[in-house]
Ligand code: PEP
Ligand code: MG
């Protein structure tokens, strides 16, 4: 049994699918027959072409024309004589292997295009890079996994699943996944929960212990992975899987009920989503709103920025599906572990402390304004609220809000309808903002506490690094005190406070947060019904009476022990 971190509830049993990119290295050798090398190159190009045609067709069917476009661009590169002829000339003139000719030619074009001012050409550089890797793999006879082509039930095994890998997975066949790295709040874990598939992350080496086609059990409840189980084990886990399904049926009874405590206080249970497709899961799980729409997924899994109309369509779909329920959309939060390759942002030593989110948007105001306009246009289709991520200073908020108001005026001047009731808030995920929440509360309409980041910045413990995960303590008194001061600051100005970090759906944290007076809890859709079940048995008044005691405690352990004792 391999132990990891339980990242998404449930039990999955299926064959393993290794999503690991093989090393594309080779030894340079002298050649004696250039024609043979040219033949090898032609054959690798032809195989890559067939493969891309297949992926393109599959993607078009599963995800639509727009997602398939990226592969058309790759096919164009393969067919371009200006790309292929120099490779062949290199083989003949310089007597080099097909691999070397391919790599050197591709690198030359990549370098040339990458430094051009023209965005279209920069995108071509990324295409050439991708395609040449594919052809090189064929020359070397190694298999590059094609997740888009998965057509049977599998458990994906990977070192990590980046958001863009996840965007390419075929959702119908991926039953679960297990990764080497990551924690409960890494984006692979968050995606697993929104796809409602069991996942275990941070196993520190599952990729080394599992081969393609091994039978794998992913136990997302306990955080274990079992490889090639015995008959007895398999039976035990099938029973566990059935018990989990029965438990889900119990929870489902509260689907259409409001979230009311034992002493008749109401709170809102909302969901976090990444794409418009996730909304069905939110409604099926009894979500009362969307507390966080992570719009960065609109920018991923493609090779160019989404247009204003594409974004408008996505926002409109979410707002309409949610009818008049609140939908909090977060503006682009690129950076950290959320990489968008075509933006070509330079690598940074500390990406989580770097040029990301609102910092990027304020400097790239063309990108930002396109998103704001799409949001404003969509605002007439439902109950839209907008929030800015990673705000560290009041100036950033004022500048971002200023741009929003500018675009609103521009749209009105153009005769486009825009709602006049859009609340504008911020995420509180940086300690400076939590500490000065009183000042912010005078200017924002609401706060949403992003504990995934707030905890990592407060404890100085990278949320992706399992070696310091012991310091990543949601229930630490430092975190509870910060959360409390944000709630007090907001309530003093009659503003509401939500929490959209993973802590909001955590069964130990929920009683404490209720006592601190949190208004909205936003979590993975699958956590909503268990949370509602739990809250109905809790008294808000009683939890509030423990507030001073909790806030003055010294350690996480004391907090956990106290909450367990008081909620038993
Ligand atoms: C957070 O930081 O708590 C949050 C919700 O944002 P993300 O997980 O996308 O960084
Ligand atoms: Mg965050």
For a protection proxy built on the mean count of beta-carbon atoms within 10 angstrom, sort 394-407, 89-102, 292-305 highest first, please.
292-305, 89-102, 394-407
Relative to the longest principal axis of the C-alpha atoms of the chain, give the angle of the C-alpha long axis of helix 556-567, reported between 0 and 90° and rounded to the nearest 10°.
60 degrees
Give me the log10 of I(q) over I(0) for segment 527-568 at q = 0.14, 0.16, 0.28 Å⁻¹, as the Debye formula computes it from C-alpha points; what are the numbers?
-0.37, -0.48, -1.02
Given the Cα-Cα distance of residue 439 and residue 561 and 0.36 nm per residue of separation, how much length would full extension add, in nm?
40.5 nm
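Just rank 381, 74, 491, fewest to most, by other beta-carbon atoms within 10 angstrom.
Starting with the residue having the fewest Cβ neighbours, the order is 491, 381, 74.
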What spacing in nm lies between the two simple spin-label points modelled at residue 264 and residue 108, each 7 Å away from Cα in the Cβ direction?
8.1 nm
Listing 419, 448 from the residue with the fewest other Cβ atoms within 10 Å to the one with the most, what is the order?
419, 448
Can you give me the angle between helix 525-535 and the longest principal axis of the chain, using Cα atoms only, in degrees from 0 to 90, rounded to the nearest 10?
20 degrees
Nearest 10 degrees, 0 to 90: what angle lies between the long axis of helix 365-378 and the longest principal axis of the chain (Cα atoms)?
60 degrees
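May I ask for the Kirkwood hydrodynamic radius of segment 261-567, worked out over all distinct Cα pairs and given in angstroms to one decimal?
Evaluated over segment 261-567, this radius sits at 19.8 Å.
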Volume per residue of the C-alpha convex hull in segment 98-242, rounded to whole Å³:
145 Å³
Computed FRET efficiency, Cβ-Cβ of residue 393 and residue 247, R0 51 Å: what is it to the nearest 0.05?
0.65
Give me the Debye-computed log₁₀ of I(q)/I(0) at q = 0.12, 0.22 Å⁻¹ for segment 438-568, equal point scatterers on Cα only, no solvent, two decimals.
-0.44, -1.46
Against the empirical 2.2 N^0.38 Å scaling, what ratio does the C-alpha Rg of the chain come to?
1.04
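What list do you get for 55, 217, 422 if you sort them by fewest beta carbons within 10 Å?
In order of increasing Cβ crowding within 10 Å: 422, 55, 217.
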Can you give the % of DSSP beta bridges in the chain that are antiparallel, to the nearest 5?
30 percent
Beyond 15 Å, how much of the Cα-Cα pair distribution for segment 34-140 remains, as a whole percent?
62 percent
Relative contact order for segment 34-140: what is it in percent, counting Cα pairs under 8 Å that are at least 6 residues apart?
32 percent
For the chain, what does the helix formula give at 222 nm: sum of -39500 (n - 2.57) over DSSP H segments with n ≥ 4, over the residue count, nearest 500 deg cm²/dmol?
-15000 deg cm²/dmol
For residue 414 and residue 50 in the same chain, what is the full-extension length gain: residue separation times 0.36 nm, less their Cα-Cα distance, in nm?
126.3 nm
Translational diffusion coefficient, Stokes-Einstein: compute it for segment 371-414 using the Kirkwood radius over C-alpha pairs as Rh, at 37 °C and 0.692 mPa s, and state it as an integer in µm² s⁻¹.
290 µm²/s
Say each of residue 234 and residue 43 gets a label point 7 Å from the Cα, pointing the same way as Cα to Cβ; how far apart are those two points in nm?
3.9 nm
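Since every read-out is calculated from the coordinates, none of them should be taken as a lab result. Keep in mind the model is a prediction, meaning the values are calculated, not measured. A quick note on method: Cβ atoms are made from the backbone with ideal geometry, for glycine too, and the neighbour counts reach across all protein chains shown.
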